[in-house]
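Here the structure is laid out as C-alpha cells; the discussion comes afterwards.
The values are calculated or read from the model by the stated rules, or taken from the named source; none is laboratory data. The shown structure was predicted, so the numbers you read here are calculated from the model rather than taken from an experiment. Virtual Cβ from ideal backbone geometry, glycine too; neighbours counted across all protein chains shown.
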Amino acid sequence: MNGNRLTSLDSLGSIANYGTASMIFSNNNITSLPTTLTSSFTLENLELANNQLVELPMWIYNVQIKTINLIQNKFDEKEKDWIVGMFRLSNAAVYI
C-alpha cells in the first residue's frame, strides 16, 4: 500500500489477520494508527516511513516486529526516544 494517499489504517486489524509477514504503508498521509487492536500478530517488517505520524499506539509495542521503519514522520525528539526505548525491549531494528 505504498504511495496510495492513505490517511488512516483503521482496518489494520483485519489486514493483519491474514498472516502478513510485511506491511508497507510508506509514502502516504497517515496521521494515526488505530488506538486499539484486538488481534495479535507477528511481522517481519512494518514500513511507515514518510507519513504524518506524531505518536504510536501502545499496542504496537506488543507486536513481534523484527524491523520497523518510521523515517520522515512528525515525531518530536521525546517521542523518538520513547519509541526506540520501547522497541529495544524486543530487539527490533528501529529506523526513525
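Here are a few things to note about the model shown:
- Members of the range 13-54 found to be at pLDDT 95 or above, surrounded by fewer than 16 Cβ atoms within 10 Å (Cβ to Cβ) and not β-branched (Val, Ile, Thr), listed by number: ASN29, GLN52
- Some residue of the range 73-82 being surrounded by 17 or more Cβ atoms within 10 Å (Cβ to Cβ), modelled with pLDDT of 95 or more and of a type outside the set (A, V, I, L, M, F, W, C): yes
- Pairs, first free of Cβ contacts under 8 Å to residues at least 60 places away in the same chain in the range 57-71, second among the aliphatic types (A, V, I, L, M) and not in a loop (DSSP other than H, G, I, E, B), C-beta under 6 Å, six or more apart: TYR61/MET86; ILE65/LEU43; ILE65/LEU46; THR67/ALA93; ILE68/LEU46; ILE68/VAL94
- Elements of type strands (runs of 3 or more DSSP E) in the range 31-96, at least 3 residues being within 18 Å of LEU9 (Cα to Cα) and of a type outside the set (Val, Ile, Thr): 42-47
- Scope the range 1-12; condition of a type in the set (S, T, N, Q) and at pLDDT below 80; matching residues: SER11
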